[in-house]
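One structure is given here, and the rest of the page talks about it.
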Amino acid sequence: MNKKYKLWEDARARVLQRAKNDPVFRTLLMTNPRQAIESELAVRIPSNVQFHVHEDSSADFHLVLQGESGELADQDLDAAAGGRHDPVLDLY
């Protein structure tokens, strides 16, 4: 696993853990994911990065398809991580 992906996964886990333990944060994450994530991770997310947060249930299944290239370019991954060279962000 490369370093950027590991940071991405760590940040994702942090956001999901906070949502699990904090109902107010969970609501914010559902209604305004950008604000919730920027606040939790202390990062600024470029406006061209979008978030889609879904709650699973026993009747809902989510299938996420990769983009045409199959992976994020380093530049896109950096942008999603707040424009840093060492990203600290992850999301679902």
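Among residues other than H62 with Cβ under 12 Å from its Cβ, the summed charge is -3 (Lys and Arg +1, Asp and Glu -1). The fewest-to-most ranking of D10, D56 by surrounding Cβ atoms within 10 Å reads D56, D10.
Just so you know, all these numbers are worked out from the coordinates, no wet-lab data involved. Keep in mind the model is a prediction, meaning the values are calculated, not measured. Note that each Cβ is placed from the backbone with ideal geometry, even for glycine, and that neighbours are counted across all protein chains shown.
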